[in-house]
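Here the structure is laid out as structure tokens; the discussion comes afterwards.
What follows is calculated from the coordinates using simple rules that are stated; it is not laboratory data. Because the structure is predicted, anything quoted here is derived from the model rather than measured. Here the Cβ positions follow ideal geometry from the backbone for every residue, glycine too, while neighbour counts run over all protein chains shown.
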């Protein structure tokens, strides 16, 4: 019997600064864990070295990976870091690189980090396309501690060779309703008489350290959705990075509010305005929620914020929707990937589209077969989607791609609702195909800035 999925819901929805969960949150968490390991061993380094390898090197500058590593080495955590302090950190360290480290201080600044060219390291030889090597050196230049960490998407990290711990901490007990794929989740949902989200919530409540802890965590996630959307809708102007891309969220929402869009398009346009707002905040380094990644952070909240505003969802309905979307992400992450550097953007926007489609279908009254169908379509019609952002920035085509993901999620939910739930391709099957497609995809189209739109800018 396959092992049940024990990925935790609140590990999927991580709060932290943009622009990338795999290139910002993950490296920040890995560097912080390395620092903790040194402190636990009583190591006060004379010098630190961090090598960024693979995709972390290729697009790390545009993703702020170097800044994220510096923050982690300073002991900062994604969920609590102030976004403005985070953006200002490199300049602050340039002025004063002495950072407290146990009983002493360590020099931490840009000189600590090296971007190792793709020409010098074969990506195929790395444990993961997003790999970083961290070293603590003693006064004689000897290695006091060396660790290799992988950032596997959605802010999840693990040490090389420790893949079994790449997802979540082991739960304190077996799940109440064990499932290992979509088919088993579908069967359990029918048996217990609930939806996907009900199954996940039952498991999570049995694991929570204290009564109400899960609900409070989901409230934080929902508040994170609302906060990032509100910040994005309140701002205008050009996004940082030199691409010249202008914010569009506020103007789109204003067009909806003034009746400048067709009434039948208004719900989707509103959801797309929310998605624009969140992804524009992400691109600017603001705080967002991985859903399941930063690059695809606008789709799930965009869809859910709009429907919550229109039909007045209750707190319980919101939690159930987050859990239903999370259930889909758990299966995808277990059997494929949510990392653009591993399988392309089909693993990010495709996964988020499937999550949003499933949650919306359930909110609108879909049964479990229709919900599974909606999720399947969300991935199926994103198969082969490449990850090739211009200048390595999470801006173009990423922001528009999230808005398109919103429309696809809406379409998938509606198509499923207006069916009897029967379909030829199952969610499990399309997830397996996504993984194989990602394996077959050339490296140039998986967040390396070597192909596709990433090399087309001079032609524009």
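Let's test the formula: R0 of 35 Å, r as the Cβ-Cβ distance of residue 455 and residue 3. What FRET efficiency results, to the nearest 0.05?
0.25
Exposure proxy check: 388, 138, 84 ranked by fewest other beta carbons within 10 Å?
84, 138, 388
Quick one: angle between helix 427-440 and the longest Cα principal axis of the chain, in degrees between 0 and 90, rounded to 10, please.
Helix 427-440 sits roughly 40 degrees off the main axis of the chain.
Angle check, please: helix 266-283 long axis (alpha carbons) against the longest principal axis of the chain (alpha carbons), in degrees 0 to 90, nearest 10.
With rounding to tens, the tilt is 10 degrees.
Run the numbers for residue 311 and residue 117: contour at 0.36 nm per residue of separation, minus the present Cα-Cα distance, in nm.
Using 0.36 nm per residue and subtracting the Cα-Cα distance, I get 64.7 nm.
Tell me, Kirkwood radius of region 20-165 from alpha-carbon pair distances, in Å?
It works out to 15.1 Å.
Which angle between 0 and 90 degrees, to the nearest 10, do you get for helix 213-233 versus the longest principal axis of the chain when only C-alpha atoms count?
The two axes meet at around 90 degrees.
Just need log10 I(q)/I(0) for region 88-240 at q = 0.15, 0.16, 0.18 Å⁻¹, Debye formula, equal scatterers on the alpha-carbon atoms, no solvent, rounded to two decimals.
Rounded to two decimals, the profile gives -1.17, -1.19, -1.22.
What is the distance in Å between the Cα centres of region 44-85 and region 249-305?
Measuring centre to centre over Cα atoms gives 28 Å.
If the viscosity is 1.567 mPa s and the temperature 4 °C, what translational diffusion coefficient in µm²/s does Stokes-Einstein give for the chain when Rh comes from Kirkwood over Cα pairs?
Roughly 59 µm²/s, to the nearest whole number.
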